[in-house]
1. Give, as ranges by residue number, the residues of region 103-130 whose backbone N falls under 11 Å from the point 7 Å along Cα→Cβ of Ile44.
2. Zone of Thr91 (label point 7 Å along Cα→Cβ, backbone N under 19 Å): which residues in region 104-138?
3. Once a ≥ b ≥ c are taken as the square roots of the eigenvalues of the Cα gyration tensor of region 23-138, is the result rounded (a/c under 1.5), prolate (a/b larger than b/c) or oblate (a/b not larger than b/c)?
4. Which value, in debye to the nearest 20, gives the size of the charge dipole of region 21-138 about its Cα centre, when Lys and Arg are +1 and Asp and Glu are -1 at the Cβ?
Amino acid sequence: MRTLIHACLIMLAILAATVSAYAHGDGAPQPVDTTGLKPLGDDILPTNPYRGDEKAIEIGARGYNSNCARCHGLDAKSGGMSPDLRSLEPTDDNDGWFMTRVLMGAVVGERVKMPPFQGLLSQEAIWAIRSYIDAQPD
């Protein structure tokens, strides 16, 4: 009987660890449905064409929560692990920096601090995510 109880406790511990590990997703980039946004074409725009657009903010919220929140925090409020993106003022220069960082990622030394999303997220999805972040209060 004691062996059975121990086996059950071990199984519960393994199950709890597995559920905990996947609580915020598996870390793989998730596609963002941008239906309803004006298509932007292949050339990357230097500034956010969707700033203040309610549909873009709604789509950006979904995109942010499925791709960015695990590191940058829920509602774009960083818990300290990664930069608080709300501090990135909505300016043309910062738009360009944001797009470049999302597309190219960030490597410090040999450590990947942020994965590149080029080829994984569309320009529309990235600008929608930026619109969502811009709409969050500091």
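A short reminder: the numbers here are calculations on the coordinates, not readings from a lab. Predicted model only: the values in this text are computed from it and were never measured. Here Cβ is always computed from backbone atoms with ideal geometry, including for glycine, and neighbour counts include all displayed protein chains.
1. 103-105, 117-119, 123
2. Label zone hits: 130-131, 133-136, 138.
3. Numbers: a/c = 1.32, a/b = 1.26, b/c = 1.05.
Taking the square roots of the gyration eigenvalues as a ≥ b ≥ c, region 23-138 is rounded.
4. That gives a dipole near 360 debye.
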